[in-house]
1. Which of the numbered conditions does Ile38 fail, given that it passes all the others? Conditions: (1) more than 20 Å from the chain's Cα centre (by Cα); (2) among the hydrophobic types (A, V, I, L, M, F, W, C); (3) under 24 Å from Ile123 (Cβ atoms).
2. Please give the number of the condition Ile97 fails out of (1) under 24 Å from Leu131 (Cβ atoms); (2) within 14 Å of the chain's Cα centre (by Cα); (3) surrounded by 16 or more Cβ atoms within 10 Å (Cβ to Cβ); (4) not aromatic (Phe, Trp, Tyr).
3. Does Glu98 satisfy the criteria of being under 30 Å from Ala43 (Cβ atoms) and charged (D, E, K, R)?
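Read-outs: derived from the displayed coordinates by stated rules, not from any lab. Just so you know, these numbers come straight off a predicted model, no measurement behind them. FYI the Cβ positions are ideal-geometry reconstructions off the backbone, even for glycines, and counts take in every protein chain you see.
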Amino acid sequence: MLHRHPFLSLLTGGYLVFVAWLTLTPQPIDASDQDLIIQVLDALHARGHFESIDYARLEFLANIALFVPVGMFLLLLFGTGQWWLAGLASVAMTLAIETVQREIPGRVPDERDLIANAAGAAIGILIAVVLTLPATIRRRRRRRVRTSTPATVRR
């Protein structure tokens, strides 16, 4: 699988390193960063935009967005027939992240992160399945044609 798709494997590995850096290093967002984010949200709210989104919801949505590419990349590596394996790998990854975060200063593991990350991975898997559906249908048709036509006998 990995040797058949070296560029995709490299891209996936790079993204997973980014996710690890983002989730497994001491908390990168300090109080001043959080204040800036809240000020931006307040400015958007004052203009009538995104009024239902507060800091907690924004963080939840960011966790979903972070794992959408994870689901997509894993599905593309494993193949559409093994979508469930991409889902299991994504959930295992988020469980590992939340478990390791217990030991990292400034990090707080949260079950909402598990839900958000799993939802993001599921969305990514669904997007990848939809995007690869035409190619999957073509491959299945070619296989059906090959198996339904009798092989010619050589003499």
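1. So Ile38 meets the others, but not (3).
2. Unmet condition: (1).
3. Details: under 30 Å from Ala43 (Cβ atoms): no; charged (D, E, K, R): yes.
So Glu98 fails the test.
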